[in-house]
Amino acid sequence: MYVMETYTRLPVSFVRGEGVYLFDQEGRKYLDLVAGIAVNALGYNHKDLIDAICEQSQRLMHVSNLFENPWQEEVAKMLIEKFWTKGRVFFCNSGTEANEAAIKLVRKYFKEKGENRYRIITFYNSFHGRTFGSMSATAQEKVQKGFEPLLEGFDYAIYNSFDSVLKALRKDTAGIMLEVIQGEGGIRVANYEFIQKVQELCHNEGLLLIVDEVQTGVGRTGKFFAYEHFDLKPDIITLAKGLGGGFPVGAVIAREKVSEVFSPGSHGSTFGGNPLACACAKVVINKVSELLHHVSDVGEYFKRGLERLKVGKVRGMGLMLGLDLERDCSTIVRKALEHRLVINCTAGTVLRFVPPLIIQKDHINTGLAVLDRILKAR
Ligand SMILES: Cc1ncc(COP(=O)(O)O)c(C=O)c1O
């Protein structure tokens, strides 16, 4: 009664987690195929993550960015080693913040070059966050409605339509920002040729390519970054969600020529990349790097299992899967909860599966059996 009603909450309160399971107040056990919406990459109560949190919090939880921060340097080095080229990282606390930083980088990059370019092309059904820049980048009426006027400088194109991108292009366009799999938009995977053409356009027109990896990144699709499936060389990528394994950590990674436009005072965050956040990210990056084959393997197994249900279109990669029922799926989520299965419905008609990356095939079999029962009973 005291919290603002910004969420439609399901009638259950989880008090504990273990591996891929959540437990409610009555001790009932639920199989979790949502993982805090692609956040709890290592599942719940992961020993290494808990040890890192305990150890770091006893030493130093937070220290201001006024001082040297070797923890950030270490995590940034790990991330840059996975990025395709030399670059630098800025740490923040969430996906929307990472995208705000990316938008600022784009604007400053062209200002420093003396070019009057600031517009960014984004896509219908995208999701980039709820703060003003990210919300304005998010071409969804339901997200923006009531908050106008929005931040100026975004032009929207149809996902997977290169013609539409060309139509949105202006002489002051500075960049193109996209998700290679639209998560909130209904697990819609970009077409390889489309993405290649977008990259070529960026190259030819001198535009920056920004890939929002907030949901797809950190091993979710079986590669550390999902853009790797599409042979992209982005200028900027944004991360959050899985990066801290449940602890809030966000990051923007930019190639060298872009990252260098941020100088002292350009941007900042009180909490961003504090020692505790970095301790979590370090464990997650190491562990997830070992899990990539597993994610591809169990992801493929899960996908085939969903296809065998023959109830809708299956989309996605690795452990970021969607089952489009082409009808409202919110009641199915409630039904699943009664059967102790945690799933999620996105874009109205799509059941979304983004489980902990440690999930095993027998868990998937259990989840599929419950889904089969619920969907057949309808
Ligand atoms: C692709 C993408 N970008 C950005 C965000 C916003 O992240 P956050 O909720 O951490 O601000 C989300 C959240 O769902 C997302 O899926």
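The values are calculated or read from the model by the stated rules, or taken from the named source; none is laboratory data. These figures come from a predicted structure and were not determined experimentally. Every residue, glycine as well, gets a Cβ built from its backbone with ideal geometry; the counts of neighbours run over all protein chains shown. In case anyone asks, the SASA skips ligands and DNA or RNA and just uses the protein heavy atoms, side chains included. Shrake-Rupley method; radii C 1.70, N 1.55, O 1.52, S 1.80 Å.
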Inset, instruction - Hey, could you check the range 222-233 for residues that are assigned to a loop (DSSP other than H, G, I, E, B) and more than 14 Å from the ligand (Cβ to nearest atom) and say which is surrounded by the fewest Cβ atoms within 10 Å (Cβ to Cβ)? - result: ASP231
Legend entry - Residue among GLY185, GLY242, GLY175, GLY219 that is assigned to a helix (DSSP H, G or I), open to solvent by less than 10 Å² (accessible area, probe 1.4 Å) and at pLDDT 95 or above: GLY242
Legend entry - Odd one out for LEU208 among (1) open to solvent by 40 Å² or more (accessible area, probe 1.4 Å); (2) more than 16 Å from the ligand (Cβ to nearest atom): (1)
Inset, instruction - Those residues that are crowded, with 20+ Cβ neighbours inside 10 Å and more than 16 Å from the ligand (Cβ to nearest atom), I need them from the range 122-155; list them, please. - result: none
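Can you pull out every residue in the range 317-337 that is surrounded by fewer than 22 Cβ atoms within 10 Å (Cβ to Cβ) and either part of a strand (DSSP E or B) or in contact with a helix residue (DSSP H, G or I) (Cβ under 9 Å, 6 or more places away or on another chain) (or both)? Can you show your working first?
Residues of the range 317-337 surrounded by fewer than 22 Cβ atoms within 10 Å (Cβ to Cβ): 324-328, 330-335, 337.
Hits for the range 317-337 are ASP324, LEU325, ILE332, LYS335.
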Inset, instruction - State whether the residues of the range 285-303 include one that is open to solvent by 10 Å² or more (accessible area, probe 1.4 Å) and either outside any helix (DSSP H, G or I) or within 15 Å of the ligand (Cβ to nearest atom) (or both). - result: no
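Take the conditions within 17 Å of LYS223 (Cβ to Cβ) and either at pLDDT 95 or above or open to solvent by 50 Å² or more (accessible area, probe 1.4 Å) (or both) and apply them to VAL314. Does it pass? Quick ask: steps written out before the conclusion?
Numbers: within 17 Å of LYS223 (Cβ to Cβ): no; either at pLDDT 95 or above or open to solvent by 50 Å² or more (accessible area, probe 1.4 Å) (or both): yes.
Judged against the criteria, VAL314 is not a match.
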Legend entry - Every residue from the range 14-31 that is in a strand (DSSP E or B) and open to solvent by 60 Å² or more (accessible area, probe 1.4 Å): PHE14, VAL15, ARG16, GLU18, TYR21, LYS29
Inset, instruction - Could you tell me which of the residues VAL106, VAL165 is surrounded by 14 or more Cβ atoms within 10 Å (Cβ to Cβ) and without any contact (Cβ under 8 Å) to a residue 60 or more places away in the chain? - result: VAL165
Inset, instruction - Given the conditions (1) of a type outside the set (Gly, Ala, Ser); (2) farther than 29 Å from PHE271 by Cα; (3) assigned to a helix (DSSP H, G or I), report the number of the one that TYR109 does not fulfil. - result: (2)
Inset, instruction - Sort through VAL106, VAL89 and tell me the only one that's touching a strand residue (DSSP E or B) at 6+ places or on another chain (Cβ under 8 Å) and more than 13 Å from ILE210 (Cβ to Cβ). - result: VAL89
Legend entry - Candidates ALA76, ALA38 - the one that is more than 30 Å from ARG9 (Cβ to Cβ), open to solvent by less than 30 Å² (accessible area, probe 1.4 Å) and modelled with pLDDT of 95 or more: ALA76
Inset, instruction - Exactly one condition in (1) within 13 Å of the ligand (Cβ to nearest atom); (2) among the small types (Gly, Ala, Ser); (3) out of contact with any Cys (no Cβ under 9 Å at 6 or more places or on another chain); (4) touching a residue at least 60 places away in the same chain (Cβ under 8 Å) is not met by GLY217; state its number. - result: (4)
Inset, instruction - Tally the residues that are away from the ligand (no atom under 16 Å from the Cβ), under 21 Å from PHE83 (Cβ atoms) and β-branched (Val, Ile, Thr), restricting the search to the range 247-277. - result: 2
Inset, instruction - Quick one: count up the residues across the range 80-102 that are open to solvent by 30 Å² or more (accessible area, probe 1.4 Å), at pLDDT 95 or above, over 14 Å from THR138 (Cβ atoms) and touching a Phe, Trp or Tyr at 6+ places or on another chain (Cβ under 9 Å). - result: 5
